[in-house]
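Student: The structure is given below, and queries will be raised subsequently.
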Amino acid sequence: MQVNGRYRPLFRLFCSDRWKFVRKNGVPVECDTAREAVEAAKECVKAILNPKIRSEGMEISPAIPEFLDAEAWSRERAEKQAQQQEETFETVFVKHRPVKVQKLRRRAR
C-alpha cells in the first residue's frame, strides 16, 4: 500500500481474512520500494507460519519412585489395574487376553 511516497507491506494468510500491516514493535513498517515491501510481507508470513521456537524440553520423573522396591511396586500396580478392570469391564486381562468373569446367583425356588 502506498502512503506518502513510501510503501507499507500488507499480508493476509487466508482469502477470507482482512489485510494486515507488517509491524515492528507495534508500528507499521514503511519501505522505500514496492519490492522491499513485498519481501517484508513474505518474511512476516514466513515468521508466522514457521516460528523459531518449535519445542521445549521437560524433566522426566522416574516411573518407579526410588524408595520403593521395583518388583513389589510393579506387582501392586498390576493388582490395582486388574481390580479396576474387573470392576469396570467385568473382564480381567491375563497376558493381554481378555478373560470373562461371570457371577452366578442361584435363585431360591
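Student: Can you report the number of residues in region 1-26 which are part of a strand (DSSP E or B), hydrophobic (A, V, I, L, M, F, W, C) and modelled with pLDDT under 90? Let's see the steps before the verdict.
Tutor: Here is the first cut: in region 1-26, the residues part of a strand (DSSP E or B) are 2-3, 6-7, 10-11, 20-21, 23-24.
Right, trim to hydrophobic (A, V, I, L, M, F, W, C) and you get 3, 10-11, 21.
Keeping just the survivors that are modelled with pLDDT under 90 gives 3.
Adding up the residues that qualify gives 1.
Student: Further, regarding this structure: Please go through region 76-91 and pick out each residue that is at pLDDT 80 or above and surrounded by 11 or more Cβ atoms within 10 Å (Cβ to Cβ). Walk me through it before giving the result.
Tutor: Narrowing region 76-91 to residues at pLDDT 80 or above: 76-81, 83-84.
Matches in region 76-91: GLU76, ARG77, GLN81, GLN83.
Student: Would you confirm, using the coordinates I've provided, whether VAL22 is touching a Pro at 6+ places or on another chain (Cβ under 7 Å) and either closer than 12 Å to MET1 by Cβ or not basic (Lys, Arg) (or both)?
Tutor: Details: touching a Pro at 6+ places or on another chain (Cβ under 7 Å): yes; either closer than 12 Å to MET1 by Cβ or not basic (Lys, Arg) (or both): yes.
The answer is yes for VAL22.
Student: Considering PHE11, PHE67, which residue is open to solvent by 100 Å² or more (accessible area, probe 1.4 Å) and over 30 Å from VAL99 (Cα atoms)? First the steps, then the outcome.
Tutor: Working: PHE11 fails: open to solvent by 100 Å² or more (accessible area, probe 1.4 Å).
Being open to solvent by 100 Å² or more (accessible area, probe 1.4 Å) and over 30 Å from VAL99 (Cα atoms) holds for just one of PHE11, PHE67, which is PHE67.
Student: What are the pairs with Cβ atoms under 9 angstrom where one residue, in region 10-32, is more than 12 Å from LYS42 (Cα to Cα) and the other, located anywhere, is among the acidic types (Asp, Glu)? Sequence gap at least six, or different chains.
Tutor: Pairs found: CYS31/GLU39.
Student: Let me ask something additional. Hey, GLU43 hits all of (1) farther than 15 Å from ARG8 by Cα; (2) within 29 Å of the chain's Cα centre (by Cα); (3) in a helix (DSSP H, G or I) but one; which does it fall short on?
Tutor: The failed condition is (1).
The values are calculated or read from the model by the stated rules, or taken from the named source; none is laboratory data. Note that the structure is predicted; figures quoted are calculated from it, not measured. Cβ sites come from the backbone with ideal geometry, for glycine too, and all protein chains shown count toward neighbours. Only protein heavy atoms, including side chains, enter the accessible area calculation; ligands, DNA and RNA are left aside. Shrake-Rupley method; radii C 1.70, N 1.55, O 1.52, S 1.80 Å.
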